[in-house]
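Where a number appears in this text, it was derived from the coordinates with a stated rule and is not lab data. These figures come from a predicted structure and were not determined experimentally. Please note: Cβ atoms are built from the backbone with ideal geometry, for glycine as well, and neighbour counts cover all protein chains shown.
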Amino acid sequence: MWPVSPNIKKLEAKRDVPGLIKLLGSEVDEYRLGTKRYFEALETRRQAAEALGRVRDRSAVDPLCALLHDGTVRDQAARALGEIGDPRAVEELCRVIEVCRWPCRAAIHALGKLRDGRAVIPLLNFVEARVRGCDDQGAELAVEALVRIGPPAVGPLCRKLADQSTELGVRKAVADMLGRIGDPAAVEPLSKVLAESCEPWVAEALERIGPPLDFAVQARLFIAKGDWTGLLELGQPAVPCLRDELKREGGDKVHLLETLARLGESNAVEDLVQVVVDFGYRADEAARALGSIGYSGACETLERALRNSPGGTYCSPDFDSGLVYVSQFIVEALCRFKYRPAVKTIIDYLAKLKRDHIWLEISENCFTARILAPLFGAYATIVSDLFSYRVKKSEEEKWGGHVTTYHYDLLWSDRALLMLCGINTPIATNLLHEVKSRADFHVTDWCAGQSVVEKRLSFEHQRALAAQELARRGFPPYDPTLYHADEAWAL
């Protein structure tokens, strides 16, 4: 940083504009002057331009505009023109940002300070070019300038926003600028874009301008933000917007359906049930939503879905682990509704559910006594422990690689069975029959890389103990209809 020349300080103090303009001179030739004198002359020109900006005399505009085409003093001249604030400089400054290969920060900043509507289109074109070129920093400079220009920029910005051929990144930047400017004239164009697609970036821009008075716009704002509580508070005016959003690809289908169901749309409940039955994308959330809504009419369908669930009848190491979550929420919904016909299906599902190297992390706490309690009552803890087992894993370097071994512990299940043997009720007898018929299945013994070795997990000792207890009780028959009677579940 060179010190300010004493001569320039004196000229600035006297406000000697002609003297400072004289020091601007013309382009200097390093070859003719030599390196030292070249930099001294160049620094004098730069300091003179900055001094003219501080003096703020309009007679310096034309000489400073002439310097905009000299790359060695362009920044200082642009800053000075921004300080002077004369609109005559706008066209030359716009030409600079259109022609220069690299962004002239000072010229962009000066256009923002001048706040002239003629600069809007060049600055907007600059933003578009920089967004396409992934130059976020350069685009932000022009965005700040356009926001500073304010209301004169609103019209061109709205037209650019409405243009469907405009790139998404540019439209987002335009919406952001309109929101930061805060002119009410932008509400209608932004609302039209929000009606096309409930995007969060449009909603954010609208909220910056002010709260909308139109119910439809409010509903779309809530959808864009994922504010489902706000939609419920809005009530029936939100229903048409929710229906429209459902027709679009990529929306939050489950939450849209859940909100419609809570607003009394029966078709939405049926659609939620279908999502669960298909075991499709986000079926777990659909099952949770049905339980949360409290729609008991879905119980028969949910019970059938659990019975046909791949997770209940077949599991393998490469199976989609998301299905365990779906089944968890189905079980939770059926228990919450106290749907007695589902008891047998839930028991069968738990008895066949594997917990191995794929399922271990997600299935450990899926079917706890807390979830089962509304349906299984005092037997919830027994059932939860009876048809589960603990899995521990150990890791070691073996056979030239990393090997993970799995250890299966039936201690909790054995304790639950012993407790069940001490309860002489029809439900306990039925559960003993369930244990007696429980089949063995294969689980992971160890795995190394892509190799998985299985072993058989045997419940033979449990089947023998259950058979022995049933014999002691005189071989009472298995009666699944007992599961349907509320009074049978009392201890």
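Quick look at the numbers
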{"quantity": "FRET E, pair Asn424, Arg463, Förster distance 25 Å, beta-carbon r, rounded to 0.05", "calculated": "0.80"}
{"quantity": "Selection from Tyr406, Ala129, Leu161 lying farthest towards where the dipole of the chain points positive, charges on Cβ", "calculated": "Ala129"}
{"quantity": "Dipole moment magnitude, nearest 20 debye, the stretch 386-453 about Cα centre, only Lys, Arg, Asp, Glu C-beta charged", "calculated": "220"}
{"quantity": "Cα lying deepest toward the dipole's positive end in the chain, options Ser197, Ala261, Ala369, charges on Cβ", "calculated": "Ser197"}
{"quantity": "Spin-label model distance (nm) - Lys225 vs Arg307, 7 Å beyond Cα toward Cβ", "calculated": "4.5"}
{"quantity": "Relative contact order, percent, the chain [alpha-carbon distance under 8 Å, six or more residues apart]", "calculated": "6"}
{"quantity": "Inter-label distance for Arg243 and Asp409, nm, one decimal - labels placed 7 Å from Cα along Cα-to-Cβ", "calculated": "5.7"}
{"quantity": "Spin-label pair Lys393/Arg472, simplified geometry with 7 Å Cα→Cβ offset, distance in nm", "calculated": "3.9"}
{"quantity": "³J(HN,Hα) computed for each position of the stretch 141-158 - Karplus, 6.51 cos²θ - 1.76 cosθ + 1.60, integer Hz, glycine/proline x", "calculated": "4, 6, 4, 4, 5, 5, 4, 5, 4, x, x, x, 8, 4, x, x, 5, 5"}
{"quantity": "Added length on full extension, which subtracts the Cα-Cα distance from 0.36 nm per residue, Ser451 to Tyr38", "calculated": "141.4 nm"}
{"quantity": "Packing-based exposure ordering (other Cβ within 10 Å, fewest first) of Ile97, Ile209", "calculated": "Ile209, Ile97"}
{"quantity": "Modelled FRET efficiency - R0 22 Å, Glu83 with Asn7, Cβ distances, 0.05 increments", "calculated": "0.60"}
{"quantity": "Computed magnitude of the charge dipole of the chain (debye, nearest 20; Cβ of K, R +1, Cβ of D, E -1)", "calculated": "1100"}
{"quantity": "Given (i) 4, 19, 28, 26, 16, 6, 1, 0; (ii) 3, 15, 19, 16, 15, 14, 10, 5, 2, 0; (iii) 4, 14, 15, 13, 12, 11, 10, 9, 6, 4, 2, 0, the label whose value is P(r) over Cα pairs in 10 Å bins from 0, in percent derived from this model", "calculated": "(iii)"}
{"quantity": "Using a Förster distance of 35 Å, the FRET efficiency for Ala66-Asp163 (Cβ separation, nearest 0.05)", "calculated": "0.45"}
{"quantity": "Computed magnitude of the charge dipole of the stretch 377-491 (debye, nearest 20; Cβ of K, R +1, Cβ of D, E -1)", "calculated": "220"}
{"quantity": "Other-chain or far-sequence residues with amide H under 5 Å of Glu454's (modelled H)", "calculated": "Asp445"}
{"quantity": "Top positive-direction residue, dipole computed over the chain with Cβ charges, set Ala139, Asn430, Ala13", "calculated": "Ala13"}
{"quantity": "Gain upon complete extension [Glu188, Ala485; 0.36 nm per residue less C-alpha separation]", "calculated": "100.9 nm"}
